[in-house]
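A short write-up of the structure that comes next.
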């Protein structure tokens, strides 16, 4: 009888242990999958959301498309980001100059890098957001956008700056966005005494479309080639244009 009771206790203990193990292993396996089975180039957290930094800057991060996009609420510019692996399994999102803009941890935390906080500042999730997409544009609307960018750039440079474009229905919206970005580069440079002098080298801005993004400056003409197949990533950023204008002879 004692032997039977002992054997029964062992069997019941084994059954209890067997029933308990899946309850413990389930969450553990899910955590392990989230930490170690994530593909390179992916980050935890919602693919589309609004965030706020410690200094109060609000931005949208859109990872719902092949090329991640970021837009600050206080600026019309959308930044195309390139993710690259970092230590501890983190990801660094860089701009088209290869400079870090955002760091993502495996657990979904983000650090924002700015000119005022180059060492980074933590950000917090606010909520949902609308996707960052280009909308179709008519020839008349494109002409108006080019004229607006021309006026803003001319005021910044303190001389007339003519904007021209060879556009198609597929490239019109992207060229309009690129014109806005060029004017932002002019405005930022005009606000710095050491950079304002470089704006006098530009008398005309010409936009065309192609397979690759590029920007060159020669004989007073800033030529910008946009790549419609890349969506909003198919034009140079204002930072890249600033570097070009500063380095031009």
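Points to keep in mind about this one:
- FRET efficiency for residue 201 and residue 75, using Cβ-Cβ distance with R0 set to 25 Å, rounded to 0.05: 0.50
- Ranked for footprinting exposure by Cβ neighbours inside 10 Å, fewest first, 194, 94, 188 give 194, 188, 94.
- Computed extension gain for residue 124 through residue 58, at 0.36 nm per residue and net of the alpha carbon distance, reaches 22.8 nm.
- Computed from label points 7 Å out along Cα-Cβ, the spacing between residue 247 and residue 148 is 3.1 nm.
- Prolate/oblate/rounded call for region 102-249, Cα gyration tensor, a/c under 1.5 rounded: oblate
- Full-extension gain in nm, residue 65 to residue 115, via 0.36 nm per residue minus C-alpha separation: 15.3 nm
- Counting only DSSP beta bridges whose two residues both lie in region 155-226, roughly 35 percent are antiparallel.
- With both labels modelled 7 Å from their Cα along Cα-to-Cβ, the residue 86 to residue 194 distance reads 2.7 nm.
Here, each number is a calculation from the coordinates, and none is a lab measurement. Keep in mind that what you see is a predicted model, and the values were worked out from it rather than measured. Positions of Cβ are generated from backbone atoms using ideal geometry, with glycine treated the same way; all protein chains shown enter the neighbour counts.
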